[in-house]
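This report concerns only the one structure given below.
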Amino acid sequence: MKKYLKNILLGSMALNLFVLVSCESYLDRADDSVVSEEEAFKNFTNFQGFTEELYHCIPDFTNAYWTNSWNWGEDEIQSTARDFHFVCKIDNGNFWGWQSEHDGWQAGWMDRNNTSTDDDRFTKSLWSLGWYGIRKTNIGLAHMDKMTDATEEEKNLVKGQLLFFRGWFHFMFMQYFGGLPYIDTVLPSSEPLTLPRLGYQECAERAAEDFRQAAALLPADWDNTTPGKNTLGKNQLRINKVMALAYFGKNYLWAGSPLMNQESTGSGTYNAEFCKKAAAALAEALNLCESGEAPYQLVPFSEYYKNFYTSSQNWQMPGSTEAIFRGPYYGANGSNWGTSKQYQPAPVLADGDVKFLPTANYVDYYGMANGLPIEDITQADPESGYDPEYPWKNRDPRFYNDIVYDGVKCVQGSTTDEPNRYANLYTGGSYRNVSTGSRTGYLLYKFIPRTANKYDDGYGYGNSLNIHIPYMRLADIYLMYAEAASQGYSSPQGKDPAYSRTAVEAVNVIRERASVGAVASRFTGSLEAFTEELRRERAVELSFEGHRFNDLRRWLLLTERPYTLKKSVEFDRADDFSTSDPSENRVLNLREQVILERDFSSKHYWLPLKNADVNMYLEFSQNPGW
């Protein structure tokens, strides 16, 4: 940490200002390689050029390496051919694996030996660029008085971005490591560090101040500002009021969650006051979106895939109208060098040996189309309509969108391997290969089209598939609001006074989009019952988008059964198997088997800090148990 907090001197920042990469055209400049502080910060064009390097501090966790690991809960398991990704280390209880010195492959997006703010996706890491970004925001905020040749609107845009990024980098650190020093000034390089670690909630309050100020300064839509008109239609990544409000709310919801409340107060329950603050911020963001003042809306379910990938020769960044916060996508077609192949069995459909599979127990969260859950996959349920002989029938439509199950057509065009046109995921089937295929009986296709295979190459796979998962999308705001409102007001009917929807109604907005039945009355009579169903909804809607690990942690469930289990589904095909409609196929001997059980203790709720950093000075202590 010392390296990133103290040794980046203002002089070197000024010298390098005009060779940094910009998201757009704000870095048009003179040829001078050295500029004074007054010149560097005097107007919007120059100061925005300084600010935009912060966007290039955001890791693209989707494409940080050839293949990429970002789902670390009980949701996903890797094939056995390799074991260098962080999910494998987590499965073994080795949480040191996030650190570059424990990752010989340099495959992780949280820490790397070689980091840069250039356009190389392989040089982004949260730990180093996060501290670098915090110092950069403080340098910028300390020089706002030098922005003399600028309108008030231009000053607000720059300051709002700087405040947001300072809060965001701190929040990203806090959710993994707990309370840390909150750096809100330029630290002198000549003085020793003595900053103590703050409690989580104290640190969150500091981040909240930055997010709140940022929201007050920033517009709901940059296209409606005078500076934004210079890049009209290309402002989607720029920090705005909705992003600031959304992270303002998320920051408070996390602070009010059981793990964080326990760290700060000793009570492993929700903190109602923090949840009310979260609900208010998230409600404000939703009001802006629903009124049309902000350019965000849920995509139709028929275009759900646009949240995560685009497949067109006319390159377009994924996210559509629903992505709230996402970083730059470093290089079109980068997905095809590994990410697009990591979900298909080799050599049946694709090359490569590292495959990421949805666990059977996680797929069980996808309930029925009527909105009811599956209580036991081996038992019939007359109320929900689930039948273990027809386990793929009448399921939540998101199940069919996200999950490939036995009999699904995986090759659409001509193939030299006709027997493998359809997914052979029954026990003993050709897609079932623990080394380079499916260990679980399922495949994940949420982030790739059905044509993403070596036979259908050319449509969405060859040079036109772009995968980029946002850090936050609008559906997440609805579900965070539902959690915050229900916990803050102690009822499934809880609501923020400034917003029209109750917690239950916010969940039903998401279900209605996917044509899933509303939350059943048996879950709306008590907060405990609703919380369980809300968590299941969050597991389904935000599945495999990188949320589950932190959700299990903040709910104090990471160490508890059944969340420590990863399972496969086992079954035999009946004699009447058909490829015409795989959801109608009958199966025999349906059961689940435990592949592994993770042996976690309380220390695993926080990642260990780097030993080199905690040894710098006494007040910067290591997390308990590490």
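The values are calculated or read from the model by the stated rules, or taken from the named source; none is laboratory data. Since the model is a prediction, treat every value here as computed from it, not as a measurement. Heads up, the Cβs are rebuilt from the backbone with ideal geometry, glycines too, and the neighbour counts pull from every protein chain shown.
Evaluated against (1) closer than 25 Å to ARG598 by Cβ; (2) in a loop (DSSP other than H, G, I, E, B), GLU389 falls short on exactly one condition, (1).
To keep it simple, each residue is scored yes or no on (1) free of Cβ contacts under 8 Å to residues at least 12 places away in the same chain; (2) buried (at least 21 other Cβ atoms within 10 Å of the Cβ); (3) not charged (D, E, K, R).
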{"site": "ASN94", "(1), (2), (3)": "yes, no, yes"}
{"site": "GLN106", "(1), (2), (3)": "no, no, yes"}
{"site": "ARG112", "(1), (2), (3)": "no, yes, no"}
{"site": "SER116", "(1), (2), (3)": "yes, no, yes"}
{"site": "ASP119", "(1), (2), (3)": "no, no, no"}
{"site": "LEU126", "(1), (2), (3)": "no, yes, yes"}
{"site": "TRP131", "(1), (2), (3)": "no, yes, yes"}
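When the residues of the stretch 31-82 are filtered to those that are assigned to a helix (DSSP H, G or I) and among the aromatic types (Phe, Trp, Tyr), the one that is surrounded by the most Cβ atoms within 10 Å (Cβ to Cβ) is PHE47.
Would a scan of the stretch 446-464 turn up a residue that is among the acidic types (Asp, Glu), within 22 Å of TYR405 (Cβ to Cβ) and at pLDDT 95 or above? So far as the stretch 446-464 goes, no, none of its residues is among the acidic types (Asp, Glu), within 22 Å of TYR405 (Cβ to Cβ) and at pLDDT 95 or above. Within the stretch 262-276, the set of residues being in a helix (DSSP H, G or I) and surrounded by fewer than 24 Cβ atoms within 10 Å (Cβ to Cβ) comprises GLN262, GLU263, SER264, THR265, ALA272, GLU273, LYS276.
The single residue among THR269, THR339 that is within 29 Å of LEU54 (Cα to Cα) and among the β-branched types (Val, Ile, Thr) turns out to be THR339. Selection within the stretch 188-213: residues that are small (Gly, Ala, Ser) and either part of a helix (DSSP H, G or I) or touching a residue at least 60 places away in the same chain (Cβ under 8 Å) (or both). The member of this set that is nearest to LYS277 (Cα to Cα) is ALA208. Criterion applied to LYS159, LYS136, LYS155 was being buried (at least 23 other Cβ atoms within 10 Å of the Cβ) and assigned by TED's automatic domain parsing to the domain that holds ARG112, and the one residue passing it is LYS136.
Can you spot a residue in the stretch 183-202 that is on the phi > 0 side of the Ramachandran plot and at pLDDT 95 or above?
no
Okay, residues lined up against (1) closer than 30 Å to ALA350 by Cα; (2) modelled with pLDDT of 50 or more:
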| site | (1), (2) |
| --- | --- |
| PHE18 | no, no |
| VAL35 | no, yes |
| GLU39 | no, yes |
| PHE47 | no, yes |
| PRO59 | yes, yes |
| TRP66 | yes, yes |
| GLU74 | yes, yes |
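The number of residues in the stretch 112-136 being hydroxyl-bearing (Ser, Thr, Tyr) and assigned to a helix (DSSP H, G or I) comes to 3. Has the stretch 320-332 got any residue that is β-branched (Val, Ile, Thr), buried (at least 22 other Cβ atoms within 10 Å of the Cβ) and assigned by TED's automatic domain parsing to the domain that holds VAL507? Scanning the stretch 320-332, I find at least one residue that is β-branched (Val, Ile, Thr), buried (at least 22 other Cβ atoms within 10 Å of the Cβ) and assigned by TED's automatic domain parsing to the domain that holds VAL507, so the answer is yes.
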